[in-house]
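Nothing in this text is a laboratory measurement; each read-out follows from the coordinates by a stated rule. Keep in mind the model is a prediction, meaning the values are calculated, not measured. FYI the Cβ positions are ideal-geometry reconstructions off the backbone, even for glycines, and counts take in every protein chain you see.
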Amino acid sequence: MTQIPTREEAFNLLKKYNQTESLIKHGLAVEGVMRYCARKYNADEEQWGIIGLVHDLDYEQFPDQHCKKAEEILKEHDWPEEYIRAVVSHGWGICSDVEPQSEMEKVLYAIDELTGLVTTTALVRPSKSVLDMKAKSVKKKWKDKRFAAGVDRSIIEKGAEMLGVEVSVLIQDTIMGMREVAEEIGLKGKLLS
């Protein structure tokens, strides 16, 4: 019987398959941004947040089967098809052939990599915080391909295009969403007055 998972169930599932602090913080960061964007798009904040939280569920234990294994795990737990499809679609063109269709899927696809760039940018700031960060700080780092070299900027650009928004708007939304969970993801930092 398919049932809507609670946030607690989602978080417990994430922790069951991921012990790495950085992966758990990444899940929390993506959840924060998804919740922020859900409000912006007048969508279901709980649904978007839960999907953001578990999107990399399988990454630590099954990196070579990323998205495929998450699909299996979520099906075993009787998650709704819409949730499963959204999780799998974030890997489109990388490890999945499920193209993001809904606004929720497009946002997840667009901001997943971007949270990494925002995190890395925050960590090199004197304050080590997202709370005082502006989109232009991230845009400056964007141009330096050696900075956060693991972040695929073309995916972020493609995601922004799919959503019909400028990359700078996407960056600002990502920062705003991450500010809401700054403490949990270790990016509250020390604000310099």
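In the stretch 136-160, the residues that are in contact (Cβ under 8 Å) with a residue 40 or more places away in the chain form Cβ pairs under 9 Å with partners that are assigned to a loop (DSSP other than H, G, I, E, B) and crowded, with 18+ Cβ neighbours inside 10 Å, at six or more places apart or across chains, as follows: Gly159/Pro100. Taking (1) under 11 Å from Leu117 (Cβ atoms); (2) surrounded by 15 or more Cβ atoms within 10 Å (Cβ to Cβ); (3) of a type in the set (A, V, I, L, M, F, W, C) in turn, Ala149 satisfies each apart from (2).
Please note which helices (runs of 4 or more DSSP H) are completely contained in the stretch 100-193 and include at least 2 residues that are in contact with a Pro (Cβ under 7 Å, 6 or more places away or on another chain) and closer than 24 Å to Arg39 by Cβ.
Per the criteria, 103-123.
Filtering the stretch 60-104 to residues that are over 24 Å from Gln3 (Cα atoms) and either of a type in the set (Ser, Thr, Tyr) or in contact (Cβ under 8 Å) with a residue 60 or more places away in the chain (or both) leaves Gly93, Ile94, Ser96.
For the stretch 50-70, give me each residue that is under 17 Å from the mean Cα position of the chain (by Cα) and assigned to a helix (DSSP H, G or I). Reasoning before the result, please.
Restricting attention to the stretch 50-70, the residues satisfying the condition of being under 17 Å from the mean Cα position of the chain (by Cα) are 50-60, 63, 66-67, 70.
Residues satisfying the conditions are Ile50, Ile51, Gly52, Leu53, Val54, Pro63, Ala70.
Each residue in the stretch 1-55 was checked for being more than 17 Å from Thr119 (Cα to Cα) and among the hydroxyl-bearing types (Ser, Thr, Tyr), and 4 pass. Of all residues in the stretch 149-172, those that are among the basic types (Lys, Arg) and within 14 Å of Leu108 (Cα to Cα) total 1. Do we have Leu13 as in contact (Cβ under 8 Å) with a residue 12 or more places away in the chain, part of a helix (DSSP H, G or I) and more than 15 Å from the chain's Cα centre (by Cα) here? So Leu13 passes the test.
The set of residues in the stretch 72-87 being assigned to a helix (DSSP H, G or I) and over 13 Å from the mean Cα position of the chain (by Cα) consists of Glu72, Ile73, Leu74, Lys75, Glu76, Glu81, Glu82, Tyr83, Ile84, Arg85.
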